[in-house]
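To keep things clear, I will list the structure first and then write my remarks on it.
Throughout, read-outs are computed from the coordinates displayed, never taken from laboratory work. Fair warning: this is a prediction, and the values are worked out from it, not measured in the lab. No Cβ is skipped: glycine too gets one built from the backbone with ideal geometry, and neighbour counts run over all protein chains shown.
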Amino acid sequence: MIRRRMAFLVLALLAASTAVSCRSRAREVVVYLSIDQVFTEPILRDFERRSGVKVRAVFDTEETKSTGVLNRIVAEAANPQADVFWSGDPVRPLLLVKRGLVRPYASPNAAAVPPGFKAADGSWTGGAARARLLLVNTNRVKPDERPRSIRELASPRWRGQTAIANPLFGTTTMHVAALANAWGEDALKAFLVQLKANGCRIASSNGEVKRLVASGEVAFGLADTDDAAEALREGAPVEVVYPDQDGMGTLLMPTVVVPLRGPHPEEARRLVDHLLSTAAEQELVDAASHIPLRADVNPPLGGKRASELRAMPVDYSRVADTMERLQPWLREWAGL
Amino acid sequence: MAPGMGWVVTMRLRRREEPLLLAVAGGVLVGLVLVPLVSLGGQLARGEALVHAARTLSAPRTWSLLLASLGIAAAVTVAALAIGLPLGVLLGRTDVPLRRLALWLHAFPLSLPPFLIALGWFHLLGRGGLAGSALGARLLFSPTGVVLVLALALAPVVTSLVVVGLRAVDPSLEEAALLVAGPWRVSVRILLPLVRPAVALAALVVFSLALSELGVPMFLRVGVYPAMVFSRLGGVDYAPGEAFALALPLFVVAVGLLVFERRAAGRRAFGVLGLRSREVPDLRLGRWRPAATAFAAAAALLPLLPLAALAIRAGRGRGFSELPRWIGASAWNSLLDAFLAGTLILLLAVVIGHAAARRRRGGLGLDALAVLAFVTPATVLGVALVATWNRPSLQAVYGTSAIVVLALAARYGAVGLRAAAVAFSQGSDHYEEAAAIGGARFLRRLGRVLVPIHARGLGAAWLLGIVFCLRDLETAVLLYPAGEEPLTVRIFTLEANGPEGVVAALSCVQVAMTAAVLALGAALLLRGRR
């Protein structure tokens, strides 16, 4: 009896091991993403259907958005696994460019992307963008009290009623770095100290900010376009405010496609071409309410084009440097 | 000449089968845990990493956060003991009705990822939740909330160990005490002191799990020390050497915990789970029975509330109908990884657990190493494994699910090892000695005597290893091969803007999958009993 069980166990183990090792690895491409899985997976599946190339993806978690997979690419530098990085912001890929982990490719589909949103050598190319916006709970904030600037996050009027995501992770990192460049680092630090003193909640992620605003736990918070779209889709009592339209402008963050030094260069180029196509950008715009960069892509229902917004002027390369420099201070500020 | 030499070598090897096998198993454990951690520690020598690490370690906020985390872990342990000790006695030794069902219900959430339970509490108590209120939400998103969520999730560790520990108590002691004292006094003065080793082990496990927990405090926005370690790996300035340095105080805590456990349990450290007692009449609670029943029912049902909230959220959000679109192969990946890792853990546990239970040379050291891996922040262990295994020559491991299997075995080896050691220490070593005197070598004794005699205990160790691997998130999320994520990772990544109904439905699949594995395992174990 025991021998029969042992034989069964050995057979089961062999079958399981075979299942692990025999997964087809022919014609595949490995992509790491820091854009939400819920929006990007259908686009990747579409590529699989059209090209016959299997896509193997690693998605970031909400908490480590943009840095989890980025650091995995850095950690794997000695033996690169990823062929393409599809980033939710344009700054972190510059850290990969600086480390020499990119294999530049100028896709023909990048021609329609405005020059400010791509590198001439093809090391990165921008796509549909997100805006950093204020998500407002309409049950808690009267129409005539709607905030107009991100500075109101630190206003005593809203003491203990606002939220931002932890600036150590995700798009908030880039946002505070951009603010530091716009205002000066001392002014930014003073703002963040004031924010904390004002009882602003430091959420684990933008998704968490959305949840806090949608449930009415806070009156308003700083989030991204896709978080707002999701809250609106769920029927939450929220409204979107593009901040500082009468001042420095709203921060826009294009998504970015970065070809890496992975083991499947040919498939990687095909995937980059697909991700930079009009169809893929339209799909992302429609699904995630992103803001189109290209003229041949329509904005989502009720959404805006980049040209219709007063955008905050940003030098992504400078923001990347500031972002690295600010980290120790931000960790101290966050208590980590 | 040559065959003669070969025969001599073979005979010598056979005589030394046990230490050789222990050396092989120990080598695997050292290779999976110690080598990666030491090589990660070597990154401290790079550039100014050592200077940065020294500056970080000398900063007051580092120590204040560590103290805060130790405080939270201690509070979770005290709360879990406050729930688990009386409940363990009630469910293990008294005439409370439906005790077995209550124990199963109470213990089940332990087999689920804690962040999933926190998500369930959010759907229940968050401002927009089923029983949401401003007060409930404020309580949930606070250190008190973290303590309560973790205490309820981890209390079953105490309850279960106390229940099985009570079975090891010599019934004659209890019967003698009952002649002169009531059930309450017998429980407090006789039974609980006798299960002290089980309580010590439970406290160690609860404290370790609470101290290394990252998902729940991050979700509930409470700063903890593991988050500080994580910030060196998940932030923009990737600094693995500094993360390792920050993990050093946790290693010291781990050693302290082991010393505490060994002192509290003495030589009975592994002999806490009893499967051998004869039937003893239940302690009669008399007029206290209704109140005790109400307490047991509340403790059994309370941890199920967040799971019910998840199911309701999934149902209302049409999450179940959307499941086929989003689940992919993640459930299969979870099962396969957990099955293979659980099996590897069992293989290591049979050899090392036996050595630890029989106090063979090196056995206790390897046990300590496994416990060290258990309390090391998963992120640190994960990055150390990436640095060690991500080489072109090892692509067959790093590029496949094999890396997840190895990482899970490294992290949860202690669970299976302890369970196997307990099983071995419960049985008499007379059979083994008799077989040895009869000339049976170690492998033969293992296959013909030890494994058959302790089949149930080893089966339980295997099941426990599989369940812990199944509930893992923090280890796998760092190194799963592209496109082969387990279900816990898929839930966590989809949680970012994924439809809440779908995320809740996927969580329900995780719950159902774990329940099925547990039910199947329990059925096999009980079948063996009959």
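Shielding of A:229-236 by partners, i.e. mean partner chain Cβ atoms within 10 Å per residue?
Partner-chain Cβ atoms within 10 Å, mean over residues of A:229-236: 2.
Where does the protein assembly as shown land at 222 nm, in deg cm²/dmol rounded to the nearest 500, when only DSSP H runs of n ≥ 4 count, each adding -39500 (n - 2.57), divided by all residues?
Helix contribution divided over all residues of the protein assembly as shown: -19000 deg cm²/dmol.
Collect residues whose amide H, placed 1.01 Å from N in the peptide plane, falls under 5 Å from the amide H of A:Lys54; neighbours closer than 5 in sequence don't count.
A:Glu28, A:Val29
Which of the trypsin sites (Lys or Arg not before Pro) found in region B:38-121 are loop residues per DSSP with 14 or fewer other Cβ atoms within 10 Å of their Cβ?
Hits after loop and neighbour filter: B:Arg46.
Can you give the longest run of chain B that contains no GluC sites (Glu not before Pro) sitting in a DSSP loop with at most 13 other Cβ atoms inside 10 Å?
With a cap of 13 other Cβ atoms within 10 Å, the longest stretch comes to B:280-530.
So how do B:Val397, B:Val186, B:Val351 line up by other beta-carbon neighbours within 10 Å, fewest first?
With the fewest neighbours first, B:Val397, B:Val186, B:Val351 line up as B:Val397, B:Val186, B:Val351.
With contacts defined as alpha carbon pairs under 8 Å and 6 or more residues apart, what's the relative contact order of region A:100-249 in percent?
34
Cα centroid distance between region B:314-357 and region B:372-395, in Å?
First find each Cα centre; the distance between them is then 20 Å.
Suppose each label sits 7 Å from its Cα in the direction of the beta carbon; what would the B:Asp282-B:Arg391 distance come out to in nanometres?
Going by the 7 Å Cα→Cβ label model, 6.0 nm.
Using the beta-carbon distance between B:Thr144 and B:Leu98 and R0 = 25 Å, what value does 1/(1 + (r/R0)^6) give for FRET efficiency, to the nearest 0.05?
Once rounded, the FRET efficiency stands at 0.20.
Evaluate the distance, in nm, between pseudo-label points positioned 7 Å from the Cα of B:Ala45 and of A:Ala120 along their respective Cα→Cβ axes.
Going from the B:Ala45 label point to the A:Ala120 one covers 4.4 nm.
Collect residues whose amide H, placed 1.01 Å from N in the peptide plane, falls under 5 Å from the amide H of A:Lys118; neighbours closer than 5 in sequence don't count.
Correct list: A:Gly126.
Can you list the residues of region A:273-309 with backbone N under 18 Å from a point 7 Å past the Cα of A:Arg233, pointing along Cα to Cβ?
Counting only backbone N, you get A:280-292, A:298-304.
Grab the Cα-Cα distance for A:Glu185 and A:Arg159, subtract it from 0.36 nm times how many residues apart they are, and report the gain in nm with one decimal.
Result for the pair: 7.0 nm of gain on full extension.
How many nm separate the modelled label positions at A:Trp329 and B:Ile437, each set 7 Å beyond the Cα in the direction of the Cβ?
7.8
To the nearest Å, what is the center-to-center distance of region A:191-215 and region B:420-493, using C-alpha atoms only?
45
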